[in-house]
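Below: one structure, written as structure tokens.
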């Protein structure tokens, strides 16, 4: 570790020698000319030179150029490229507005920033999704979903069919850092995972980092899913909406002060339960089952150098029957201030609050009346700087500090007769700090992105820590006073990415990242459920640490219309959090005694081809990926496959534009069946048959495959009028394959000596229709 | 808590699940000895059942194990168990035997042959109970019809002993027959949520079939004070007997055992405390008529 650190320090030092002399900066925002939305990741290239950059997450770019006249071109997918002639004699501000390209707008699902930047940049294992086009992907019940689209990418697996959990390169679903406007979303699922919390209409930009995570992100091992909400149209009022088979949504946006300030307000609600009274079913009467989401954002440009944003998300799922209720949901609030100190020094300060909570209650007004609550809260302050020091040198640095509050479980009696009056798992508090430095250096053919993150995690009183024996029995409990820091972990996390450009259209890239995770989810089931609680590292629970190496070959064909890549990765995890057999993870004040820490490793190859010819769009991918775990005390200490260790994966996502109004699209997915544990014998205890199991996850489900199709039809006259609308008709699982969601081994009800295997499948062929509009 | 989880299950069930049978070949594990039985504070013939595991798809009943030598000892005394002539595999003590609070019992099995192993042992400690425990844990019960749950609820009135971590198993007897007849319908309770509280009519047991009871029936609640390890065993065995579903089920595994030499099952020692209620005519007033 020491040697590694030294190397990084050296690299950071050398890099300072590359400061530009006699250079001036050209900087500004890149925006959409129709809506005023900033264009995150727009490519900025200086003609006849190798200089170039991309607009950051706030749409701001900064270049350092020698004195003289330069042609700077701006490119962004779905927009007409712009070229600006700039005479650089001093630091120059250049705000650019780009026109959306009507012909291209329906073109691509996975974004290509245009040109060959996918080959040229020192970033790998990064995928951007274009929101306005995701809705073309055929989807379950027509509810196109960000997370469902991500699950179609190479190296990403859904943890269960139809669920919102996903595994990136063999990681668990709690190893993904899911950010909505920089706020952590602790549970991204609605309705048991069949839908995610992200409402398409409110979202502008999606990035998934699969391994080469920039040092500005920390806290999770496997991936970062960075989702940004729309700022709101600053030019004119607009409304977008849709009416689907099970939910409807509406988004309103517009200027508060034209070109200065805008708002966005978006809502969505399902309405399955609205139809319950029609079923005439006693069980459904008085039942509720719905979810809703609200996204809101307000932004103001105070002056060219200062912008303020406030954005929030509030969503909730409610299930209930008369006197029983169950609800869960997330709440996030982000306040951001973008400040430009000098043309080449950009600062973003963010104050974030994020919360996930749930409750279950029984309002019987007798001895059984109780309410069970759980709550996870985060308050985070972070500062990020972008410093363009030279034409070939970008420096990013920043720090963050978060206060985390865990309330794993509280049970309150809600009637004076309640037999449980109050029972609580002591709250836990923790501080998570991070500081990072990230250099981007360009040496011509070789570009290097070197970063170092220092993460610090502290358990904070007031709290109770438990002392465990070697056999994981609780032998003592220690009370910590308010404000006492009773445990600290410090970890340096080096990150390195590089590209060697073989030609304009091909390159070799490599990356290494070390990541640390201090906060994880107590989830013992394959798919997870809303009751799973988050818990921190502690004196007993060591932080999970991952090292990942990746190397890839990138090549574009046909004038960048086809992008192909082959990536290979190896990831190993230390202190992997596993659970002992039959671990009791709910309402357990001694949860740490149920945890066993072991190791995990994954390796694989991802072949990916993106096609964007204008007529044809989409991607074809093949992934070979394996993932294993080894934990003493679990599966007799033997190595075992994770349930989503599905070696072979093929995904084809294609759309074909028939004409300006009609687009056809289809997905085909194939994967090896998931790993599972089979019984090898049976016996009887107290008239109940019990199976005997041997090795965990040693066998596999039948292979999974499925074809979905969809057609998108824009209504006539929609192009020139303000009211635009389209129909989306989709069919999920077209050839009605009964893919196993669960396999059980059961006994015949009439003859207990007859046993058989039985699969449960969730979704047969499901057609659906959605109507979307915009004005 | 299970009842609340049901609400969640409802949400999942609405998501339209279908099942179909499949042909899946299975490996076969070695035959294992299965031991299950207990000694309780009741004065009676205590029973230990011995059987063998079979391949999962075998179309027979698990075989019982006869002609074994079985005894329970408490260090000072030894209680031999003899096989009932009409129930092979079931071994009983004499009817005068009873277990005592806090005592450790050892089960010894000999003269069997499971893959070459001939003798097996287990040890179980009876929980240490309050003196005169028969009157300390449970005052009374009543049985009420609950419209919302659509069945009979057995409510308990009790002062839970303070300053002791207790684990309970609830069983129901209607007249002389156990309504609780398998692992599937026992109720397990950990007192951590209500330690030392007075429970005034908390739901201890639920009988979902409304026709189960009639006027004059005597409903007996057996409150069994069980050791922590046995509590976990029962909870694990009950989980293992349930179907697997991705959202809720833990990874499949074999429940713990306190029998040595690779055998499965459990030998338990626990106390039984009882309260009864005789069904009255007015208890049926709000039962919906068919």
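The values are calculated or read from the model by the stated rules, or taken from the named source; none is laboratory data. Computed from a predicted model, the values in this text were never measured in an experiment. Here the Cβ positions follow ideal geometry from the backbone for every residue, glycine too, while neighbour counts run over all protein chains shown.
For the range A:671-722, the strands (runs of 3 or more DSSP E) that sit wholly inside it and include 3 or more residues that are under 30 Å from the mean Cα position of the chain (by Cα) are A:704-714.
The single condition from (1) more than 21 Å from the chain's Cα centre (by Cα); (2) modelled with pLDDT under 95 that residue A:526 fails is (1).
On inspection, residue B:112 qualifies as buried (at least 19 other Cβ atoms within 10 Å of the Cβ) and in contact (Cβ under 8 Å) with a residue 40 or more places away in the chain.
Among the residues of the range A:402-410, are any away from every other protein chain (no Cβ under 14 Å), touching a strand residue (DSSP E or B) at 6+ places or on another chain (Cβ under 7 Å) and in a loop (DSSP other than H, G, I, E, B)? Within the range A:402-410, not a single residue is away from every other protein chain (no Cβ under 14 Å), touching a strand residue (DSSP E or B) at 6+ places or on another chain (Cβ under 7 Å) and in a loop (DSSP other than H, G, I, E, B). In the range A:555-564 there is no residue that is within 22 Å of the chain's Cα centre (by Cα) and either within 14 Å of another protein chain (Cβ to nearest Cβ) or not in a strand (DSSP E or B) (or both).
Within the option set A:694, A:671, A:655, being without any contact (Cβ under 8 Å) to a residue 24 or more places away in the chain and either more than 8 Å from chain B (Cβ to nearest Cβ) or surrounded by fewer than 21 Cβ atoms within 10 Å (Cβ to Cβ) (or both) holds for one residue only, A:694. Please find, within the range A:698-728, the residue that is surrounded by the fewest Cβ atoms within 10 Å (Cβ to Cβ) out of those that are touching a strand residue (DSSP E or B) at 6+ places or on another chain (Cβ under 6 Å) and in contact (Cβ under 8 Å) with a residue 60 or more places away in the chain. Only one residue tops the list, namely A:709. Taking the numbered list (1) touching a residue at least 40 places away in the same chain (Cβ under 8 Å); (2) within 27 Å of residue B:153 (Cβ to Cβ); (3) within 14 Å of another protein chain (Cβ to nearest Cβ) in turn, residue B:265 passes all entries but (2). Inspection of the range A:173-184 finds a residue satisfying the criterion of being within 14 Å of another protein chain (Cβ to nearest Cβ) and buried (at least 24 other Cβ atoms within 10 Å of the Cβ).
Conditions (1) assigned by TED's automatic domain parsing to the domain that holds residue B:257; (2) farther than 19 Å from residue B:38 by Cβ; (3) within 24 Å of the chain's Cα centre (by Cα), marked per residue:
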position: B:113; (1), (2), (3): yes, yes, no
position: B:116; (1), (2), (3): yes, yes, no
position: B:119; (1), (2), (3): yes, yes, no
position: B:122; (1), (2), (3): yes, no, yes
position: B:141; (1), (2), (3): no, yes, yes
position: B:145; (1), (2), (3): no, yes, no
position: B:154; (1), (2), (3): no, yes, yes
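Every test in (1) at pLDDT below 95; (2) touching a strand residue (DSSP E or B) at 6+ places or on another chain (Cβ under 8 Å); (3) more than 10 Å from chain A (Cβ to nearest Cβ) is passed by residue B:40 save one, and that test is (1). Consider the range A:136-157 and keep the residues that are touching a helix residue (DSSP H, G or I) at 6+ places or on another chain (Cβ under 8 Å) and either at pLDDT below 90 or part of a helix (DSSP H, G or I) (or both). The one that is surrounded by the most Cβ atoms within 10 Å (Cβ to Cβ) is A:149. Taken together, the residues in the range B:207-227 that are more than 12 Å from the chain's Cα centre (by Cα) and either surrounded by 17 or more Cβ atoms within 10 Å (Cβ to Cβ) or assigned by TED's automatic domain parsing to the domain that holds residue B:259 (or both) amount to 6.
Of all residues in the range B:208-231, those that are touching a residue at least 60 places away in the same chain (Cβ under 8 Å), touching a strand residue (DSSP E or B) at 6+ places or on another chain (Cβ under 7 Å) and outside any helix (DSSP H, G or I) total 11. Considering the conditions (1) surrounded by fewer than 20 Cβ atoms within 10 Å (Cβ to Cβ); (2) within 14 Å of another protein chain (Cβ to nearest Cβ); (3) free of Cβ contacts under 8 Å to residues at least 24 places away in the same chain, residue A:638 is excluded by exactly one of them, (3). In summary, residue A:322 fulfils each of the numbered conditions (1) closer than 28 Å to residue A:375 by Cβ; (2) touching a strand residue (DSSP E or B) at 6+ places or on another chain (Cβ under 6 Å); (3) at pLDDT below 90 with the single exception of condition (2). Residue count for the range A:733-751, restricted to those that are more than 17 Å from residue B:240 (Cα to Cα), more than 7 Å from every other protein chain (Cβ to nearest Cβ) and in contact (Cβ under 8 Å) with a residue 24 or more places away in the chain: 7. Is one or more of the residues making up the range A:426-445 within 14 Å of another protein chain (Cβ to nearest Cβ), more than 20 Å from residue A:182 (Cα to Cα) and either surrounded by 15 or more Cβ atoms within 10 Å (Cβ to Cβ) or within 27 Å of the chain's Cα centre (by Cα) (or both)? Scanning the range A:426-445, I find at least one residue that is within 14 Å of another protein chain (Cβ to nearest Cβ), more than 20 Å from residue A:182 (Cα to Cα) and either surrounded by 15 or more Cβ atoms within 10 Å (Cβ to Cβ) or within 27 Å of the chain's Cα centre (by Cα) (or both), so the answer is yes.
Taking residue B:51, is it facing chain A (nearest Cβ under 7 Å), modelled with pLDDT of 95 or more and either over 22 Å from residue B:263 (Cβ atoms) or surrounded by 14 or more Cβ atoms within 10 Å (Cβ to Cβ) (or both)? Don't jump to the end; show me each part of the working.
Details: facing chain A (nearest Cβ under 7 Å): yes; modelled with pLDDT of 95 or more: yes; either over 22 Å from residue B:263 (Cβ atoms) or surrounded by 14 or more Cβ atoms within 10 Å (Cβ to Cβ) (or both): yes.
Yes, satisfied.
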